[in-house]
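Some notes on the structure that comes next.
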Amino acid sequence: MNTITQSANNEWNAQSSGQAIGQRVSALGEHATLFSTVLVLGWIGAMKFTAYEAGAIEGLVASSPLVSWLYSVLSLQGTSNLIGSIEIVTAVTLLIGIRYKSAAILGALAAVATFTVTSSFLFTAPGWEASLGGFPALSVVPGQFLLKDVVLLAAAVTLLGKALNR
C-alpha cells in the first residue's frame, strides 16, 4: 500500500508542478500581451505626429469608408494627429487598467475598435499583389504590413476578456 500511495503522490506532484509551470507561463503571456500591445499603440501613436507617418497612412485612411471622412474635416497632419492621440490614450488607459478594472475594460474596448478599423484596411486598401495573381497574394505594403493587425485584434479581445473577468 505504501508504494502505491507514494506512486500516486509522485504523480500528483508531477501534475501539480506542471500546472504551476503552466500557470506561470500563462501569467507571463498575459503580461507580455498587455505590455506589447501598449508598446505598439504608444510607439505607433507617437509616430503619427510626424509628417512621414501622416503621409504613410494617407492611402490607408483615404481608402477606408470608416475613416476617410476625417480628411474632409481635418488636414492630413490633423487626421494623423487625431489617430495618434487615440492610440496613445488607448495605450495609457491600458496601463492604468493594471490598477483599475474600468480603465482596463475601456482601454481594451478602444484597442479592439482600433485594431478592427486597421484590420479592415486589408479589405479596403489596395493590398493584393497583382503580379502573383491578386487575392490571396498580399503585397508587402500595405498587405503584409496590415496582417499583424489581425493578431493585435486578437490580443485586444484577449485583454478585454481578461478585464471583464477581473
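The values are calculated or read from the model by the stated rules, or taken from the named source; none is laboratory data. The shown structure was predicted, so the numbers you read here are calculated from the model rather than taken from an experiment. When we count neighbours, we look across all protein chains shown, and the Cβ atoms used for this are built from the backbone with ideal geometry, even at glycine.
Candidates G97, G78, G55, G59: the one that is touching a residue at least 60 places away in the same chain (Cβ under 8 Å) and over 27 Å from L159 (Cβ atoms) is G59. The set of residues in the range 67-77 that are part of a loop (DSSP other than H, G, I, E, B), farther than 19 Å from S119 by Cβ and small (G, A, S) contains only S75. Against the test of being surrounded by 13 or more Cβ atoms within 10 Å (Cβ to Cβ) and part of a helix (DSSP H, G or I), the options L34, L39 yield a single qualifying residue, L34. Considering S64, S80, the condition of being of a type in the set (G, A, S), part of a loop (DSSP other than H, G, I, E, B) and buried (at least 17 other Cβ atoms within 10 Å of the Cβ) is satisfied by S64 alone.
For the range 68-84, the condition of being within 13 Å of L41 (Cβ to Cβ), modelled with pLDDT of 95 or more and of a type outside the set (K, R) holds for at least one residue.
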